Every structure is written in structure tokens, then in C-alpha cells.
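> Take a look at this one; I'll ask things after.
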Amino acid sequence: MLTRPDVAVVGAGPVGLAIAWRCAARGLRVVVHDPAPGSGASRVAAGMLAPVAEAYFGERELTGLLTESAARWPGFAAELAGVAELAGAAELAGAAGAGFGYRTDGTLVVGLTGDDLAEARRLWSYQQGLGLPITALRPSQLRDREPALTPRLRGGAVAPGDHQVDPRRLVTALRVAAERAGVTLVPGAVTRLADLVAPVVVVAAGCGAAALTGLPVRPVKGQVLRLRAPGHRPPDFRHVIRGYADGESVYLVPRDNGEVVVGATVEERADTEVTAGAVLRLLRAAVDLVPELAEYELVEAVAGLRPGTPDNAPILGPLPDRPDVLAATGHHRHGIVLTPVTADLITELIVTGRPDPLLTPFTADRFAAPAGPRSGSTAGGVGRDRETANEGETCD
Ligand code: GLY
């Protein structure tokens with residue numbers, strides 16, 4: 001057990017573990033606090049690495065960070081695979097994608113009806129306008145790539161650089177890597193930052209960061225299903241499929257072990273109940289796009305809480321009133337893809353004391369500013385704005 005760590009990280013999800021691993025690799029003594037590593041948003045997440053298909057209107061700076069992090073994923077995955085392999089981690093052995101399901105098959109965006117296609121096209125035209133790699137395809141071209149898609153499709157596009165990883169296995173691999181690098185995991189909850197004895201504290205606690213720091217991080221519920229192909233054979237398609245089906249939006253993420261993740265609702269709620277209506281809508285949209293999925297086993301229906309912020313972008317860097325406390329939270333729908341860049345930027349800041357310019361748009365003080373065109377907030381400090389506060393909701 002460490003006497004006095006250089007860095008205390010709160011939260012053992014992918015972001016917290018990756019920061020701990022990177023810091024330890026730079027020679028720092030690191031301790032990570034979490035009562036249940038990997039039990040937050042990452043346990044529910046599908047693991048899409050989608051800087052293009054998730055480039056939304058009005059989020060230019062976030063899109064830039066997604067693109068930067070996605071570009072770091074191949075190196076990050078190779079390094080992590082090397083460590084996990086060296087460690088001979090039994091729980092990672094034999095799985096595809098170096099043990100954590102990193103796959104580079106790309107993503108198809110598809111529209112079922114004319115209206116669905118119009119909606120999808122509007123977004124991918126915007127993405128093309130940003131210079132992002134996404135190309136329209138005719139229905140026959142889509143079905144050449146994925147014959148399992150319904151012949152009723154009206155059209156779609158391919159985003160060849162949008163990939164996937166299995167978040168649950170990723171947490172295991174990161175934990176192995178962190179522990180091999182000398183990180184100590186402490187299985188306890190942190191309720192007050194004052195209880196931590198370290199010159200630098202990193203809060204990577206997802207939406208739990210709100211209670212610890214007062215940052216405007218709110219829970220955003222997502223319901224997700226997991227299906228399994230008959231006989232555990234690989235699913236009938238290899239691309240990630242993001243579809244619009246009769247006005248519903250759905251994504252389908254196939255894994256080599258036969259699993260297909262079907263997601264997700266986006267609800268401004270803080271409970272984790274699975275509802276019949278959500279399951280119905282997700283399944284209907286999934287089966288509309290890939291009819292064969294009706295034969296798959298439904299093995300899990302689960303809900304998790306994404307850490308949302310007022311502008312949907314993460315909060316990275318020191319708290320305005322506590323330069324020794326660094327936030328690495330608020331990743332909302334993008335925690336898995338943003339893991340490498342978050343770990344690199346926060347580690348560099350800790351080691352050198354110099355913030356990378358990439359951090360500038362994502363610092364916590366953007367929410368502390370007085371009312372103005374950028375934040376649209378009312379007066380008050382971090383976490384005090386009625387529009388941005390989570391109003392006492394927690395992730396529990
Ligand atoms: N990035 C997918 C989701 O949050 O549902």
C-alpha cells in the first residue's frame with residue numbers, strides 16, 4: 001500500500017484507469033479509488049469509436065476532440081494489447097481484437113424509409129461539409145457490404161473510420177495495464193475530496209463528479225440491449241450499423257463472440273429502470289433493419305447514466321478554485337472514444353504542468369462565466385446555474 005501517492009484518481013472506469021496507467025508509466029505513484037471498477041457508464045456502453053457518425057450540429061469543438069482521440073486509438077490499442085498479452089491476463093485470453101474487441105470494420109449509416117433517409121442524409125451532408133470521411137451508398141451497395149440488411153432500405157452511407165471496442169473488456173485490460181505499471185486500486189467510495197491525501201487529485205467519476213466537485217454534470221439515461229446469435233456464432237454482419245427506422249434511431253454493434261449491442265435511448269432522467277416501451281422501440285428498429293435479429297436471444301436489457309454537461313462536451317482540467325483537482329468527466333456519449341486523448345492530455349498536464357492547447361475549449365471555467373453568448377448561462381459559479389446544475393440528482 002502506498003504511503004503518499006503523487007496522484008489520486010477517483011473513478012476506475014476507462015478514463016480513470018487510462019489516466020492512472022499513463023501517469024504510472026511516467027513514474028508517478030498512483031492510487032485509484034472506486035468501490036466497483038467498471039460499474040459506471042462503461043458497463044452499459046456499446047463502445048462505438050465514432051468521430052464521424054457522432055459529429056452533431058453545433059458541436060464543432062467536440063468533433064475536433066473526437067477526431068483527435070480516434071486517431072490515437074490504434075496506437076493506444078496496440079500498446080494496451082502488448083501489456084495485456086504480456087500480463088497473460090486469463091480473462092482476456094482468446095478474445096478477438098487483442099482481448100478487448102477492438103475492431104476496425106467501419107460503420108454503415110442507413111435509412112429505412114424516405115423520411116429516415118432524408119434525416120440521415122442531412123446529418124452526413126453536414127459531416128461531409130466538415131471534411132469528415134463519410135460516403136453515400138445506394139441500397140444495393142449497402143447490401144453488397146452487409147447482405148443481412150433488409151431489402152427495404154432506401155439508402156445510406158459508409159463511415160470507414162468509425163470503429164468499435166468492447167468497453168467491459170477494455171476496463172479489464174486497462175486494469176491489468178494499470179496494476180502492472182504499479183497503480184494501486186482502493187475499493188472504496190470517495191465522498192469528500194478532503195479525504196484524499198495527494199498533491200494532485202483527478203476526478204474521473206462520471207456523473208458522480210457533480211457531488212464531489214459541484215461541476216454541472218448531469219445523468220443522461222441510456223437503455224441498451226444485448227442479443228446473442230444462435231449457437232454463439234458470429235453475428236450476420238460485421239459493420240457497426242447506425243440506423244434510422246420509422247423515426248427511431250438505433251445502433252447495432254456486432255461482436256465476434258456472437259453478441260450484438262442494440263442501443264440506445266437518450267433520456268433526461270436519472271433512474272436506471274428498463275422500460276417495456278424502450279425495449280419495444282429498440283427491438284422493432286433493430287429487426288426492421290436486420291430481420292435476422294428476431295431469431296437472436298435477448299440476453300440483457302440494462303440502463304446506465306451518461307455524464308452529460310450543458311454543451312455535451314467533456315470537462316478537462318483544473319477546477320476554477322482548486323488547481324490541484326483536475327476534472328476528467330462529462331464525456332456524455334463519447335467516453336470510450338475519448339479515453340486515449342483524455343488520458344494523454346491529463347497525464348501531460350500533471351507531469352509537465354503545461355496545459356496542451358487542445359484542452360482550452362474544455363476547461364471547467366467555461367461554465368463559471370457570467371451570462372454571455374457562449375454559455376447562455378445565468379449568473380453564478382460552477383454548478384449554481386439552474387439550467388446547468390443537476391439539481392441534486394446522482395448517478396446511484
Ligand atoms: N455513443 C452512444 C451512446 O451514448 O448511446
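The values are calculated or read from the model by the stated rules, or taken from the named source; none is laboratory data. Remember, predicted model here, so these are calculated numbers, not experimental data. Counting neighbours? That spans all protein chains shown, and the Cβs are built from the backbone with ideal geometry, glycine included. Keep in mind that these areas ignore ligands, DNA and RNA; they rest on the heavy atoms of the full protein, side chains included. Shrake-Rupley method; radii C 1.70, N 1.55, O 1.52, S 1.80 Å.
> In region 211-239, what residues are under 30 Å from ASP321 (Cβ atoms) and among the β-branched types (Val, Ile, Thr)?
Listed by number, the residues that qualify are THR213, VAL217, VAL220.
> Pull up region 286-297, narrow it to residues that are touching a residue at least 12 places away in the same chain (Cβ under 8 Å) and in contact with a Leu (Cβ under 8 Å, 6 or more places away or on another chain), then point me to the one that is nearest to the ligand (Cβ to nearest atom).
Residue satisfying both the conditions and the ranking: ALA286.
> Quick one: would you say ALA327 is over 26 Å from ALA55 (Cα atoms) and part of a strand (DSSP E or B)?
no
> Within region 298-318, which residues are away from the ligand (no atom under 16 Å from the Cβ), open to solvent by 10 Å² or more (accessible area, probe 1.4 Å) and assigned to a strand (DSSP E or B)?
Within region 298-318, LEU298, VAL299, PRO318 qualify.
> While we're looking at this one, here's another question. Is it the case that some residue within region 279-297 is touching a helix residue (DSSP H, G or I) at 6+ places or on another chain (Cβ under 8 Å) and not in a helix (DSSP H, G or I)?
Yes: one or more hits.
> Same structure again: Is one or more of the residues making up region 331-347 assigned to a helix (DSSP H, G or I), away from the ligand (no atom under 16 Å from the Cβ) and free of Cβ contacts under 8 Å to residues at least 40 places away in the same chain?
yes
> Looking at region 39-65, which of its residues are in contact with a helix residue (DSSP H, G or I) (Cβ under 6 Å, 6 or more places away or on another chain), assigned to a helix (DSSP H, G or I) and under 17 Å from LEU170 (Cβ atoms)?
Matches in region 39-65: ALA41, SER42.
For every residue, the table says whether it meets (1) surrounded by 18 or more Cβ atoms within 10 Å (Cβ to Cβ); (2) aliphatic (A, V, I, L, M); (3) assigned to a loop (DSSP other than H, G, I, E, B); (4) touching a residue at least 24 places away in the same chain (Cβ under 8 Å).
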residue: SER125; (1), (2), (3), (4): no, no, no, no
residue: PRO133; (1), (2), (3), (4): no, no, yes, yes
residue: LEU142; (1), (2), (3), (4): yes, yes, no, yes
residue: PRO151; (1), (2), (3), (4): no, no, yes, no
residue: VAL171; (1), (2), (3), (4): yes, yes, no, yes
residue: VAL176; (1), (2), (3), (4): yes, yes, no, yes
residue: GLY182; (1), (2), (3), (4): no, no, yes, yes
residue: THR191; (1), (2), (3), (4): no, no, yes, no
residue: CYS207; (1), (2), (3), (4): yes, no, no, yes
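> Give the number of residues within region 112-123 that are open to solvent by less than 20 Å² (accessible area, probe 1.4 Å), out of contact with any helix residue (DSSP H, G or I) (no Cβ under 8 Å at 6 or more places or on another chain) and either among the acidic types (Asp, Glu) or outside any helix (DSSP H, G or I) (or both).
Here the count works out to 1.
> Out of all the residues in region 225-237, is one or more in contact with a Gly (Cβ under 7 Å, 6 or more places away or on another chain), under 20 Å from ARG333 (Cβ atoms), modelled with pLDDT of 95 or more and not small (Gly, Ala, Ser)? Spell out how you get there, then give the answer.
Just the residues of region 225-237 that are in contact with a Gly (Cβ under 7 Å, 6 or more places away or on another chain), to begin with: 228-229, 232-235.
Now narrow it down to the ones that are under 20 Å from ARG333 (Cβ atoms): none.
Scanning region 225-237 turns up no residue that is in contact with a Gly (Cβ under 7 Å, 6 or more places away or on another chain), under 20 Å from ARG333 (Cβ atoms), modelled with pLDDT of 95 or more and not small (Gly, Ala, Ser).
> Yes or no: ALA198 in contact with a Pro (Cβ under 7 Å, 6 or more places away or on another chain), at negative phi and not polar (S, T, N, Q)?
Numbers: in contact with a Pro (Cβ under 7 Å, 6 or more places away or on another chain): yes; at negative phi: yes; not polar (S, T, N, Q): yes.
Yes, satisfied.
> I've got another one for you. Out of region 259-268, which residues are open to solvent by 30 Å² or more (accessible area, probe 1.4 Å) and not in a loop (DSSP other than H, G, I, E, B)?
The answer is GLU259, GLU267.
> Also, I was wondering about something else. Can you spot a residue in region 223-239 that is out of contact with any helix residue (DSSP H, G or I) (no Cβ under 9 Å at 6 or more places or on another chain) and surrounded by 24 or more Cβ atoms within 10 Å (Cβ to Cβ)?
Within region 223-239, not a single residue is out of contact with any helix residue (DSSP H, G or I) (no Cβ under 9 Å at 6 or more places or on another chain) and surrounded by 24 or more Cβ atoms within 10 Å (Cβ to Cβ).
> A further question on this structure: With the requirement that a residue be assigned to a loop (DSSP other than H, G, I, E, B) and more than 17 Å from ILE134 (Cβ to Cβ), what does region 155-168 give you? It would help to see each step written out before you state the result.
Narrowing region 155-168 to residues assigned to a loop (DSSP other than H, G, I, E, B): 160-162, 165-166.
Answer for region 155-168, where residues must be assigned to a loop (DSSP other than H, G, I, E, B) and more than 17 Å from ILE134 (Cβ to Cβ): VAL165, ASP166.
> While we're here: Identify, from the list ASP256, ASP271, the residue that is in contact (Cβ under 8 Å) with a residue 12 or more places away in the chain and either open to solvent by 60 Å² or more (accessible area, probe 1.4 Å) or farther than 25 Å from ASN312 by Cα (or both). So that I can check it myself, show each step before the final result.
Working: ASP271 fails: either open to solvent by 60 Å² or more (accessible area, probe 1.4 Å) or farther than 25 Å from ASN312 by Cα (or both).
Result: ASP256 is the single residue among ASP256, ASP271 that is in contact (Cβ under 8 Å) with a residue 12 or more places away in the chain and either open to solvent by 60 Å² or more (accessible area, probe 1.4 Å) or farther than 25 Å from ASN312 by Cα (or both).
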